[in-house]
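Structure, as structure tokens:
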Amino acid sequence: MNQKKVPQEISLEESELRYRRLFKSALDGILILDAETGEITDVNPYLIDLLGYSKVEFLGKELWEIGPLRNITANKESFLNLQNNLSVKYDDLPLETKMGERINVEFVSNVYDEGDKKVIQCNIRNITTRKTAENKFHYYSTHDALTKVYNRSFFEEELERLEKSRQYPISIIMLDIDGLKNTNDKLGHASGDKLLCRTAQLLRKSFRSEDVIARIGGDEFAILLPESDELVVQQALERVARYLQKSNGDVPIHFSFGVSTCVIPCSLSEALKIADARMYQQKRAKTERPDS
């Protein structure tokens, strides 16, 4: 004759059943580890699908032996923290799946008691979509949508950062495309947009990758770089203008520019004004000489 189960036993079985259902259906990856040995004792289906490793490739392994976690989060220092009942959390951890796909995850590990032994539960949440959206938002908040160089907001922030860090000497170049209005009038705004994009592209090639190139207005660009010789700048911009002219038909392309350099600690905002004034001075001089 079957012995009746007491309510506590029924409650425990139901609780374990509910846990197993949640474990299997969870939309986060879950790893269960033996807190004493560090070996993985269980892995849920979601994590198997996410990382592309079979259950056999997980079970019995120590956390730092698993391919995507090797030498990243699952190091022995983290495991020692967990053994001492401390949680381990990584808000944004880049991983690589078995197929070589790069993903971003949130990784949280905690220790808890399971009967007379301690176990570690690692929750791994896929945040790749969110991270991609955040990166895209950050990119468009700092870059000009048309030309893909930095925008005015980022340029001004970088000026402020450099002034606070007192990184001198610094040169500021202000640049204006003299032929943009004529290009828009004679060839159309689509051609004008192409001219702006091509200018940005050529400026990136003419200066170093670490130099800050920004579009700060309709036909104006600004460049931040270490101390630069004005003659070298002029020669570089003349080369860019010649390249642009080849694809701009009979509409002449010239640059007006101004350079200002801070050799010792100074106000970069004042240096910017000086570069801007020199650019407009050069522009006015050209309008006074129609044959130029």
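The values are calculated or read from the model by the stated rules, or taken from the named source; none is laboratory data. Predicted, not measured: the structure shown is a model, and the values here were computed from it. Here the Cβ positions follow ideal geometry from the backbone for every residue, glycine too, while neighbour counts run over all protein chains shown. Keep in mind that these areas ignore ligands, DNA and RNA; they rest on the heavy atoms of the full protein, side chains included. Shrake-Rupley method; radii C 1.70, N 1.55, O 1.52, S 1.80 Å.
Values computed for the structure shown
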read-out: In degrees, nearest ten, helix 268-287 long axis to first principal axis of the chain (Cα); value: 40
read-out: For the range 114-180, accessible area per residue (1.4 Å probe, heavy atoms of protein chains only), Å²; value: 57
read-out: Unit Cα scatterers, Debye sum, the range 112-266: log10 I(q)/I(0) for q = 0.09, 0.14, 0.15 Å⁻¹; value: -0.40, -0.76, -0.84
read-out: Reachable lysines from LYS24, criterion Cα separation under 19 angstrom, eight or more residues apart if same chain; value: LYS55
read-out: Degrees between helix 128-142 axis and first principal axis of the chain (Cα, 0 to 90, nearest 10); value: 20
read-out: Listed residues ALA236, VAL263, PRO226: farthest to the positive end of the dipole of the range 221-292 (Cβ charges); value: ALA236
read-out: Percent carbon-and-sulfur accessible area, the chain, ignoring ligands, DNA and RNA, probe 1.4 Å; value: 51
read-out: Cut-off under 5 Å, modelled amide H: who pairs with ASP178 long-range; value: HIS254, PHE255, SER256
read-out: Cβ-based charge dipole, the chain, positive-most Cα from ALA133, GLN121, GLY217; value: GLY217
read-out: Convex hull of Cα atoms in the range 111-162, direction-averaged projection (nm²); value: 6.5
read-out: Under 12 Å, Cβ to Cβ, from LYS117 - net charge with Lys/Arg +1 and Asp/Glu -1; value: -4
read-out: Between 0 and 90°, nearest 10: helix 230-246 axis offset from the chain longest Cα axis; value: 90
read-out: Two-site label geometry, LYS148 and ASN110: point separation in nm, points 7 Å out along Cα→Cβ; value: 4.5
read-out: Sparse-neighbourhood loop sites, GluC sites (Glu not before Pro) in the range 157-242 - DSSP loop, at most 12 other Cβ within 10 angstrom; value: GLU210, GLU227
read-out: Semi-axes of the equivalent ellipsoid for the chain, Cα gyration tensor, largest first, Å; value: 63, 21, 15
read-out: Helical mean residue ellipticity (222 nm; -39500 (n - 2.57) per DSSP H run of 4+; nearest 500) of the chain; value: -14000 deg cm²/dmol
read-out: Point-charge dipole on Cβ atoms (K/R +1, D/E -1) for the chain, about Cα centre, debye to 20; value: 880
read-out: Under 12 Å, Cβ to Cβ, from PHE255 - net charge with Lys/Arg +1 and Asp/Glu -1; value: -1
read-out: Expected-Rg normalisation [2.2 N^0.38 Å, Cα atoms] applied to the range 197-292; value: 1.12
read-out: Cysteines in the chain that, by Cβ-Cβ distance, have no pairing candidate under 4.7 Å; value: CYS122, CYS197
read-out: Kirkwood hydrodynamic radius of the range 54-200, from inverse mean 1/r over distinct Cα pairs, in Å; value: 20.5
